[in-house]
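The values are calculated or read from the model by the stated rules, or taken from the named source; none is laboratory data. All figures in this text were calculated on a predicted structure; none of them were measured in a lab. Neighbour counts run over all protein chains shown; Cβ positions are idealised from the backbone, glycine included. Only protein heavy atoms, including side chains, enter the accessible area calculation; ligands, DNA and RNA are left aside. Shrake-Rupley method; radii C 1.70, N 1.55, O 1.52, S 1.80 Å.
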Amino acid sequence: MTAPPATVRGLDSAPTNHQKLLSWVREVAELTTPDEVVWCDGSPLEWRGLTDELVEAGTLVRLSEERKPNSFWARTDPTDVARVEERTFICSADEADAGPTNNWMAPDEMKRTMTELYRECMRGRTMYVIPFCMGSIEAAEPMFGVEITDSPYVVASMHIMTRMGTEVLDAMGDDAPFVPALHSVGAPLADGEQDVAWPCNETKFISHFPQTREIWSYGSGYGGNSLLGKKCYSLRIASVMARDEGWLAEHMLILKLTSPEGTVRYVAGAFPSACGKTNLAMLQPTIPGWKVETIGDDIAWMRFGDDGRLYATNPEFGLFGVAPGTDWKTNPNAMRTLDVGNSLFTNVALTDDGDIWWEGMGEPPAHLTDWHGNDWTPESGEPSSHANSRFCTPIAQCPILAPEYHDPRGVPIDAILFGGRRKTTIPLVTEARDWVHGVYLGATLSSETTAAAAGKVGVVRRDPMAMLPFIGYNAGDYFRHWIEMGKGSGAGAGDPAKLPKIFYVNWFRRGDDGRFLWPGFGENSRVLKWVVERLEGRGAAVETPIGHVPTPDALDLSGLDIPREDIEAALRVDPAEWKAEIPQVTEWFEKFGDKLPGVLWAELDALKARLAAR
Ligand code: GTP
Ligand code: SPV
Ligand code: MN
């Protein structure tokens, strides 16, 4: 072992007197031995320097100034393209607190293991210190974090995705609490060694220490593995804070919906990764007079207000959206957002005139450079872009951003949608009978796996509240917390009479020939309209064993040219299909043993009884 250098450049020029922060930064620098420490200020000049450096290193290619100003194309190592759930750990002191759905390792053991990985891991690199804030700096209790990383790509991405830099460091003062979030790509450089365009390590750990509210990430430079303000802080760590303090940290979009009469409703929606949150959040309604404005597309923090209603804020500052499928037809507001520029595109294809392209964007050009950096033509037979390729863009550029986005108090939620990607069984929309039934629907939510996480795609799994990979504690306790939140007593309590109504949606049901039964995207406004009608005690529905489902006639289908049979099939509740779900739900609930709230077993029993009566 070589002794750490007595001084690391930049270590003694810290622009803060926050002793806890200073000593943590020193400790990490001494462990990881970077060449230099840089305190990030979040300025446009810093962005310029970082992106220039990344272009020089071959990590980024600058796009055409005419087409995508101040924007860049990035390609990752082909093995580092998605979240790694297998390597994601909840290191609670007690294994039972991680529960049956998380990977667990004892905190001491994980820290010992990772300390050895971190030792000298930043050799030859710059260590960046990124003070950031999830949510408004003006919030009653701003949610600070500090990420240390050796990846300039991560710093550039954090510029877009979070409020960060000098204004945050100043707001932290000398003693504000913060979540320390340590990240390294795990690729030290020997003296004179040439770097690769996308450094990373085969060994990966994405570790969370819920008791001490710390995050340690190693080996990956990608998305949710490395932008630690996002899933690691705002969901896994925040969900633990929320449990303790009586609020909710959820994998949800937030949208503002205005009816032709001018009535405003706020809707939150939890769909698993790559199942339509960004698209719904930016929806352009196809029914006349309706308006959607965006508040958030991935994460919602929800607390009861003094009026007893549940208020939601979006803690993020940017959009990290799935690229393939995004187009002027499906999501014109995302396309407008991207055209403003100032964006990073990762693992999409590059056009010959310096723009980006991906599958779903109309006719492919005759020639592209694909996400591997190879020549690509429509005859290539492989997609040009990775299925989990992403755009990273400032939310402020979204042309339909609701002004309420900036309000630290958030917006009062009228309806919560749970949704998944299921070819069969799940109707287009179902209204829960009440809060507990809604929690049951969320707790049993199922979806086909997607490319957003490493592993097999298209496998049906339970993904409770779309939070399976993001609950920072025992999922049984998490269900209990949801039930408790509906009761109107205890920490952070609201008014049970003013709870949002819960709905279950599925945009992805298919016909026998594999086609989508429902056109989705902007047409989902028709489902939102029915949801609003239900909130207002209008809107026809049939009571089925699984909840209230609209009849085809209850949906506004004016101007929609699809066969009546498809609508009927999209809405169908098939008792045989539902009976087939019961053993799977039973097996799922059994995982949680005593931790599963009894009321959820009761919901399952009631469902069984209703199905048996059919
Ligand atoms: P994460 O960012 O991974 O959390 O994903 P997300 O939930 O925001 O999903 P997103 O909106 O990016 O959509 C994922 C994929 O589903 C994209 O390829 C979309 O084009 C597609 N998609 C979204 N909404 C619909 C829909 O209503 N119908 C159909 N058929 N596809 C959709
Ligand atoms: C998701 O997988 O749900 C995402 C992308 O939003 S990531 O930031 O990689 O988690
Ligand atoms: Mn997500």
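Observations, loosely collected:
- Restriction of the GluC sites (Glu not before Pro) in segment 227-270 to DSSP coil positions whose beta-carbon has at most 11 other beta-carbons within 10 angstrom yields Glu261.
- Under Karplus coefficients 6.51, -1.76 and 1.60, residue-wise ³J(HN,Hα) of segment 123-139 in Hz, glycine/proline x: 3, x, 10, 9, 9, 9, 10, 10, x, 9, 9, 8, x, 5, 5, 7, 4
- Segment 107-162 shape via C-alpha gyration tensor axes, a/c threshold 1.5: oblate
- The three principal axes of the Cα atoms in segment 180-332 give end-to-end lengths of 68, 42, 21 Å, sorted in falling order.
- Anisotropy class of segment 73-191 from Cα gyration tensor, a/c 1.5 cut: oblate
- Since only Ala576, Phe508, Val532 are under comparison, the one whose Cα sits farthest along the positive direction of the charge dipole of segment 479-597, derived from C-beta charges on Lys, Arg, Asp and Glu, is Val532.
- Proximal lysines relative to Lys498, as straight alpha-carbon distance under 23 Å, when same-chain residues fewer than 8 apart are discounted: Lys256, Lys487, Lys529
- Mean projection of the Cα convex hull over all viewing directions, computed for segment 553-611: 5.9 nm².
- Share of carbon and sulfur in the accessible heavy-atom surface of segment 315-471 [1.4 Å probe, %]: 55 percent
- Cα-centred dipole magnitude for segment 97-219, charges only on beta-carbon of K, R (+1) and D, E (-1), debye, nearest 20: 280 debye
- When only alpha carbons are used to place a centre, segment 86-149 and segment 159-214 end up 9 Å from one another.
- Backbone amide hydrogens, once placed in the peptide plane, bring Leu182 within less than 5 Å of Ile148, Ile215, Trp216, Ser217, excluding anything fewer than 5 places away on its chain.
- Alpha-carbon centroid distance for the pair segment 425-469 / segment 527-587, whole angstrom: 16 Å
- Where both bridge residues fall in segment 148-288, DSSP classifies roughly 70% of the beta bridges as antiparallel.
- Per residue, the chain exposes an accessible area of 38 Å² to a 1.4 Å probe, with every protein chain left in place.
- Cα-based shape type of segment 210-267, given that a ≥ b ≥ c are square roots of the gyration tensor eigenvalues and the cut on a/c is 1.5: oblate
- The aspartates and glutamates whose alpha-carbon is closer than 14 Å to the alpha-carbon of Lys423, local same-chain residues fewer than 8 away aside, are Glu448, Asp512, Asp513, Asp566, Asp574, Glu577, Glu581.
- Placing dummy labels 7 Å off each Cα toward the beta-carbon, the span from Trp328 to Asn103 is 4.4 nm.
- Nonlocal amide H pairs with Phe89, under 5 Å, H built at 1.01 Å: Ile206, Ser207, His208
- Reachable lysines from Lys111, criterion Cα separation under 18 angstrom, eight or more residues apart if same chain: Lys204
- Relative contact order computed over the chain (Cα-Cα under 8 Å; 6+ residues apart), in percent: 14 percent
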